[in-house]
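Novice: The following block contains the structure, expressed as structure tokens.
Just so you know, all these numbers are worked out from the coordinates, no wet-lab data involved. Just so you know, these numbers come straight off a predicted model, no measurement behind them. Virtual Cβ from ideal backbone geometry, glycine too; neighbours counted across all protein chains shown.
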Amino acid sequence: MSTVIGIDLGGTNIQGARVDGKGEIVAVNEIKAEVAEGGDATMARIIEVAKALVDDTVAAIGVCSPGIIDPENGVSMSEAVNIPGWDGMPIKARIEEATSLPAFVDNDANAAAAAEAWIGAGRGEAVVLMLTLGTGIGGGAVVDGEVYHGKSNRVAEFGHISICHDGKKCGCGNTGCLEIYASANALAMRAREELHESPGGLMLGMAGGDIESVDCKVVCDAAREGDELAARVLDEICAYLACGVGSLINAWNPSVVVMTGGMSLGGDVIFGRVQAELEAGRAYPPILADCRVVPGVLGNKAGMLGAAKVAWSGLGR
């Protein structure tokens with residue numbers, strides 16, 4: 001049996017797994033990332049995780065990293081959040097030198113999308129889009145089983161689709177970006193704004209009386225229990241989210257849109273509202289009819305499983 005190693009570089013931990021050709025995890029290894037120590041130290045820890053998983057079945061190593069990645073050369077093309085010295089890091093070359101195994105590298109959102117398309121919520125589908133709804137909104141696109149990278153390896157910045165022509169300024173420099181209006185952070189911030197105007201209700205109670213402790217989960221839980229303010233905030237945010245998702249559906253004609261991250265854990269109170277908005281006119285009906293919008297199923301394993309898929313794809317399998 002041949003296997004590959006998939007390694008997910010996160011801000012807190014580096015997770016690795018030895019994975020077979022069917023996506024089954026055979027062995028795992030995880031250590032603290034300590035990314036503040038810099039790029040070289042982080043690279044050494046990635047190699048440490050890889051070496052701990054290598055055995056005579058391993059054919060290749062895949063790594064997923066935050067930031068812009070050149071997948072052909074396996075090099076980081078940008079600084080990654082909280083990793084000093086990551087811009088220009090030759091990830092592929094370092095791993096190959098240390099292990100004598102072929103290595104393949106991609107962006108973390110691309111890898112997670114690849115995993116969901118391979119063995120997750122998009123299994124067997126021709127065109128899979130993934131949105132990660134967290135602090136911001138990340139994304140990935142998989143077409144016929146392969147990650148779509150675009151001309152310069154910058155697909156898919158779905159969170160920076162402009163949904164409001166005269167909207168708020170985003171940190172990226174654009175105006176009206178989707179992630180300003182429809183991320184998990186945006187949901188929590190909108191709820192807090194409302195509570196500062198009208199304190200009270202289930203959300204405040206669930207947050208222990210501290211408005212600043214109201215987060216995405218509190219809003220979703222309160223709405224599920226019938227809190228009217230939470231429901232109104234969710235209606236607003238999910239309408240914005242549906243604007244972005246509907247535009248993606250119209251442009252890509254996907255088989256499935258997979259939503260992951262903290263906000264997706266809201267389940268029915270999120271997905272029901274988004275689907276209703278899409279059906280009410282946020283997506284072109286003939287295209288929407290062929291598309292499902294569903295939660296991801298791989299959770300925190302998506303990164304390392306996606307990195308494993310990157311390795312298998314690199315081997316031509």
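Novice: Relative contact order for the stretch 27-146: what percent, with Cα pairs under 8 Å and sequence separation of 6 or more?
Specialist: 20 percent
Novice: With r as the distance between the Cβ atoms of D144 and E225 and R0 = 41 Å, compute the FRET efficiency 1/(1 + (r/R0)^6) and round to 0.05.
Specialist: With R0 = 41 Å, the Cβ-Cβ based efficiency is 0.40.
Novice: For the stretch 107-187, which trypsin sites (Lys or Arg not before Pro) pass both filters: DSSP loop (anything but H, G, I, E, B) and at most 14 other C-beta atoms within 10 Å?
Specialist: Listed in order of number, the matching sites are R123, K151, R154, K168.
Novice: How high is the FRET efficiency from R154 to H196, r the C-beta distance, R0 45 Å, rounded to 0.05?
Specialist: After rounding to 0.05, the efficiency reads 0.75.
Novice: Out of [x] 64, 27, 20; [y] 39, 25, 19; [z] 35, 22, 18, which label holds the value of semi-axes √(5λ) of the Cα gyration tensor in Å that was computed here?
Specialist: Here semi-axes √(5λ) of the Cα gyration tensor in Å agrees with entry [z].
Novice: Here is a follow-up. What's the magnitude of the charge dipole for the stretch 171-252 around its Cα centre, counting Lys and Arg as +1 and Asp and Glu as -1 at the beta-carbon? Answer in Debye, nearest 20.
Specialist: 260 debye
Novice: Here is a further query. If you line up the long axis of helix 268-277 against the longest principal axis of the chain, both from Cα atoms, how many degrees apart are they, to the nearest 10?
Specialist: 70 degrees
Novice: Quick one: putting +1 on the C-beta of Lys and Arg, -1 on the C-beta of Asp and Glu, what dipole do you get for the chain around its Cα centre, in Debye to the nearest 20?
Specialist: Using Cβ point charges on Lys, Arg, Asp and Glu, the chain gives about 480 debye.
Novice: Mind checking which of A126, A308, A52 is farthest towards the positive end of the chain's charge dipole, using Cβ charges of +1 (Lys, Arg) and -1 (Asp, Glu) about the Cα centre?
Specialist: Result: A126.
Novice: Another question, then. Picking from P286, P90, P71, which is most flexible by a Gaussian network model of the chain using Cα springs under 10 Å?
Specialist: P286
Novice: I want to verify a result. In a Gaussian network model of the chain, Cα cutoff 10 Å, which of these has the top mean-square fluctuation: G200, G62, G16?
Specialist: Its mean-square fluctuation being the largest, the pick is G200.
Novice: Which shape class, rounded, prolate or oblate, goes with the stretch 107-171 when its Cα gyration tensor gives a ≥ b ≥ c as root eigenvalues, a/c under 1.5 marks rounded, and past that a/b bigger than b/c marks prolate?
Specialist: prolate
Novice: Between K22 and T57, what length comes free when the chain is fully extended (0.36 nm per residue of separation minus the Cα-Cα distance, one decimal in nm)?
Specialist: Residue separation times 0.36 nm, minus the Cα-Cα distance, leaves 11.2 nm.
Novice: What is the helix-to-structure angle for 108-119, meaning the angle in degrees between its Cα long axis and the longest Cα principal axis of the chain, kept from 0 to 90 and rounded to the nearest 10?
Specialist: Rounded to the nearest ten degrees, it is 90.
Novice: Which of rounded, prolate, oblate describes the stretch 183-317, given a ≥ b ≥ c as roots of the alpha-carbon gyration tensor eigenvalues and a/c under 1.5 marking rounded, otherwise prolate only if a/b is larger than b/c?
Specialist: Oblate, because a/c is 1.5 or more while a/b does not exceed b/c.
Novice: Which cross-chain or sequence-distant (5 or more) residues have an amide H under 5 Å from the amide H of A33, H modelled 1.01 Å from N in plane?
Specialist: N13, I14
Novice: Name the trypsin sites (Lys or Arg not before Pro) in the stretch 1-103 that are in a loop by DSSP and that have at most 12 other C-beta atoms within 10 Å, would you?
Specialist: Hits after loop and neighbour filter: K22.
Novice: Mind checking which lysines have their Cα closer than 19 Å to the Cα of K22? Skip sequence neighbours fewer than 8 apart in that chain.
Specialist: Result set, ordered by chain and number: K301, K309.
Novice: What's the percent breakdown of Cα-Cα distances in the stretch 1-159 across 5 Å bins, shortest bin first?
Specialist: Once binned at 5 Å, the Cα pair distances of the stretch 1-159 give 2, 10, 18, 22, 22, 17, 8, 2, 0.
Novice: In degrees, nearest 10, range 0 to 90: what is the angle between the Cα axis of helix 39-53 and the longest Cα principal axis of the chain?
Specialist: With both axes taken from Cα atoms, the answer is about 70 degrees.
Novice: Choose one of V218, G272, G246: the residue whose Cα lies farthest towards the positive end of the charge dipole of the stretch 217-317 (beta-carbon charges +1 Lys, Arg; -1 Asp, Glu; about the Cα centre).
Specialist: G246
Novice: Relative contact order for the chain using alpha-carbon pairs under 8 Å, separation at least 6, rounded to a whole percent?
Specialist: Worked out over the chain, it gives 20 percent.
Novice: Which of the lysines could a cross-linker span from K169 if the Cα-Cα distance has to be under 28 Å and same-chain partners fewer than 8 positions apart are dropped?
Specialist: Straight-line reach from K169, under 28 Å: K151, K217.
Novice: What's the magnitude of the charge dipole for the stretch 124-296 around its Cα centre, counting Lys and Arg as +1 and Asp and Glu as -1 at the beta-carbon? Answer in Debye, nearest 20.
Specialist: Roughly 460 debye for the stretch 124-296.
Novice: Could you check the simple spin-label distance between N300 and T175, using points 7 Å along Cα→Cβ, in nm with one decimal?
Specialist: Distance between label points: 4.1 nm.
Novice: Then there's this: Only Cα pairs within less than 10 Å get springs; with that Gaussian network setup on the chain, which residue of S264, S247, S255 has the largest fluctuation?
Specialist: Ranking S264, S247, S255 by mean-square fluctuation puts S247 first.
Novice: Rounded to whole Hz and in sequence order, give me ³J(HN,Hα) for the stretch 129-142 from the Karplus expression 6.51 cos²θ - 1.76 cosθ + 1.60, θ = phi - 60°, writing x for Gly and Pro.
Specialist: With coefficients 6.51, -1.76 and 1.60, one gets 10, 10, 10, 9, 9, x, 4, x, 10, x, x, x, 9, 10 Hz.
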